[in-house]
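Step one of this worksheet: look at the structure below.
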Amino acid sequence: MATIEQKGMYKVFPRSGKNVSFTHYCPGCGHGIINKLIAEACAELGLQDRTIFVDPVGCGVFTYYYWDAAHISAAHGRASAAATGVCRARPDAVTIAYQGDGDLGAIGFNNAFQAASRGEKFGCIFVNNSLYGMTGGQMAPTTLDGETTTTTPFGRDPALTGHPLHVCEVFAQLQAPVYIARVSVADTRRIMQAKKAIRKVFEIQRDGKGYALLEILAPCPTNFKMDPLKAADFCMNEMEREFPLGVFRDEEAREPLAARPVPRASSCRDLFVEKDAVLPAVDDAAFAEKRFKFAGYGGQGILSLGLCVAEAARLERRHTLWFPSYGPEQRGGSANCSVVVSGTPIGSPTVEHPDVLVCMNQPAYERFAGDVKRGGTVIVDETVPVKTDPPDGVRLIRWPAIKMAEEFGVPKAANTMMLAALKKFKCTGLSDDNLEKSLVASFKKKPALGEKNRELLRLAEAREHS
Ligand SMILES: Cc1ncc(C[n+]2csc(CCOP(=O)(O)OP(=O)(O)O)c2C)c(N)n1
Ligand code: SF4
């Protein structure tokens, strides 16, 4: 099959195991035109090497097969959230989220609205075809009053489902966005206007100005149950009556956004050491990142143990994150936290494959031991029946934390006993001094207890272990 070269698009699209040169869109679909305009704008502005597209779930899902640039695929409704991460991690990139009206207007509205409110540095192309296209034409928040969809077979009834959501008008209430506009691709004149507006979204990102939203009215002949010409007419007449085209904000002349400050604290609550008493992290690529998971029952001090390690890292001027996860119960339910300690800024606080796992109970061992990295360590309380071995290459240390705490007459100090194991077996990469300082600081309101725990920590550490 002959291929037609489109600026900014791959020559062939390796979809469904075949190399084809046509898109998957239905004849007359607005997405097809918009895809071409976006690819052209990206290529004509010379931005393909700098652009990261955040692709949606919806009829636009396959854009990663078409646009010749970098891509990330987001879950339905989450493109603006994913784009936030992308533009923060890569502030020099041109980040473009592509979303349908079910995606942005319904399930993902808050993600998109908050990103716009924060003035994230990305452009959002919002394709409004007045319904959920990919799933068979259900009502979306943008469905017109009286419009027939599969879930409004007698027409949308405002008494039952409210009136259409005007996304541009709502976003225009926010301070941060640089550019907000609505265009259409229903005829040639409109397509030319849409092309200019799409270029503008790219230019705003190229120049680092901030958030831009471009809503594009687009026909969906298949779900309108019309031929392409009638669908375009519906788009121009009915949709534009409800959603007038226009520019709602244009502050392209604004100064580029300043770099976002990097958060300094390891956590937003319960810092043991006052924020101002700790100097910011220092980049040190030679310090290998370590990921920890601490897990047990609520009330065993497992979250404080994780925080203690994070605070020791903070004292050592490492980058660190502490990320707790609770069951619904205050006490007795499962609790775990993740801690990351690194010599360079940390991308994600979640820990799927820890280097070090500390387990205070059996469910924690069963849930997480299999995820530990090769070369990693599992420290498990001796009371836990270990029914399955950890993965090959993972060191297992059974440690009498609960028993020792009871022997010392301070049963609540089992977490301190676990800290002793981390220190004794050199699991943290942090200095003994900072681990102890952090432990003492965790009792800053009861200094006598802090000293007592330091003493217990040293006693436990000195305990023989086979
Ligand atoms: C979290 C989640 N919820 C629902 C779905 C099902 N789903 C896939 S696409 C879609 C609708 C897409 O409609 P829209 O965002 O308007 O895009 P269009 O297909 O019209 O371009 C839905 C509900 C999903 N994949 N994931
Ligand atoms: S169902 Fe509608 S939105 Fe989806 S590809 Fe077909 S015409 Fe386009």
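Entry remark, segment 36-74: residues being touching a Lys or Arg at 6+ places or on another chain (Cβ under 6 Å) and either open to solvent by 50 Å² or more (accessible area, probe 1.4 Å) or at pLDDT below 95 (or both) number 1 in total. Checked against (1) in a strand (DSSP E or B); (2) under 18 Å from S304 (Cα atoms), E436 meets all criteria but (1). Please go through segment 19-78 and pick out each residue that is assigned to a loop (DSSP other than H, G, I, E, B), within 16 Å of ligand 2 (Cβ to nearest atom) and at negative phi. F22, T23, H24, Y25, C26, P27, C29, P56, V57, H76, listed by residue number.
Total residues in segment 364-418 satisfying the condition of being crowded, with 19+ Cβ neighbours inside 10 Å and among the basic types (K, R): the figure is 0.
If you take the residues in segment 180-201 that are touching a helix residue (DSSP H, G or I) at 6+ places or on another chain (Cβ under 7 Å) and among the aliphatic types (A, V, I, L, M), which one is most open to solvent (accessible area, probe 1.4 Å)? Let's see the steps before the verdict.
Filtering segment 180-201 for residues touching a helix residue (DSSP H, G or I) at 6+ places or on another chain (Cβ under 7 Å) gives 180-187, 191, 194-195, 198-199.
Then drop every residue that is not among the aliphatic types (A, V, I, L, M), which leaves 180-181, 183, 185-186, 191, 194, 198.
On the way: I180: 0, A181: 2, V183: 16, V185: 4, A186: 14, I191: 37, A194: 0, I198: 0 Å².
It comes out as I191.
Among the residues of segment 87-114, those identified as crowded, with 24+ Cβ neighbours inside 10 Å and more than 16 Å from ligand 2 (Cβ to nearest atom) are C87, V94, T95, I96, A97, G108, A112. Against the conditions (1) more than 14 Å from ligand 2 (Cβ to nearest atom); (2) small (G, A, S); (3) under 22 Å from R182 (Cα atoms); (4) buried (at least 20 other Cβ atoms within 10 Å of the Cβ), S117 satisfies every one except (4).
Out of segment 132-154, which residues are open to solvent by less than 40 Å² (accessible area, probe 1.4 Å) and outside any loop (DSSP other than H, G, I, E, B)?
The answer is T149, T152.
So, of the residues in segment 261-281 that are open to solvent by 100 Å² or more (accessible area, probe 1.4 Å) and either under 20 Å from the mean Cα position of the chain (by Cα) or on the phi > 0 side of the Ramachandran plot (or both), which turns out to be modelled with the lowest pLDDT? Filtering first and then ranking leaves C268.
Does segment 155-164 include one or more residues that are assigned to a loop (DSSP other than H, G, I, E, B), touching a residue at least 40 places away in the same chain (Cβ under 8 Å), in the same structural domain as N223 (by TED's automatic domain parsing) and not hydroxyl-bearing (S, T, Y)? Checked segment 155-164: at least one residue is assigned to a loop (DSSP other than H, G, I, E, B), touching a residue at least 40 places away in the same chain (Cβ under 8 Å), in the same structural domain as N223 (by TED's automatic domain parsing) and not hydroxyl-bearing (S, T, Y).
What are the residues in segment 1-18 that are in a loop (DSSP other than H, G, I, E, B), away from ligand 2 (no atom under 16 Å from the Cβ) and surrounded by fewer than 19 Cβ atoms within 10 Å (Cβ to Cβ), if any? Give the derivation first.
Taking segment 1-18 and keeping what is in a loop (DSSP other than H, G, I, E, B), we get 1-8, 10-12, 16-17.
Keeping just the survivors that are away from ligand 2 (no atom under 16 Å from the Cβ) gives 1-8, 10-12, 17.
Answer for segment 1-18, where residues must be in a loop (DSSP other than H, G, I, E, B), away from ligand 2 (no atom under 16 Å from the Cβ) and surrounded by fewer than 19 Cβ atoms within 10 Å (Cβ to Cβ): M1, A2, T3, I4, E5, Q6, K7, Y10, K11, V12, G17.
Across segment 318-348, the qualifying residues are those that are modelled with pLDDT under 95 and of a type in the set (D, E, K, R), and the one among them that is nearest to N434 (Cα to Cα) is R331.
The condition of being of a type in the set (A, V, I, L, M, F, W, C) and closer than 20 Å to F234 by Cβ holds for only one of L160, L144, that being L144. Of the residues A82, A89, the single one that is of a type outside the set (S, T, N, Q), closer than 20 Å to F171 by Cα, more than 12 Å from ligand 1 (Cβ to nearest atom) and under 16 Å from the mean Cα position of the chain (by Cα) is A82. Filtering segment 26-76 to residues that are without any contact (Cβ under 8 Å) to a residue 24 or more places away in the chain and more than 11 Å from ligand 1 (Cβ to nearest atom) leaves G32, G46, D49, Y64, A70, H71, I72, S73.
Scan segment 414-452 for residues that are under 30 Å from G375 (Cβ atoms) and of a type in the set (A, V, I, L, M) and jot them down. Steps first, answer last, please.
Here is the first cut: in segment 414-452, the residues under 30 Å from G375 (Cβ atoms) are 414-439, 442.
Passing the criteria: A414, M417, M418, L419, A420, A421, L422, L430, L435, L439.
The values are calculated or read from the model by the stated rules, or taken from the named source; none is laboratory data. Quick caveat: nothing in here was measured; it's all calculated off a predicted structure. Cβ sites come from the backbone with ideal geometry, for glycine too, and all protein chains shown count toward neighbours. Protein only, heavy atoms only, side chains kept; ligands, DNA and RNA dropped before computing areas. Shrake-Rupley method; radii C 1.70, N 1.55, O 1.52, S 1.80 Å.
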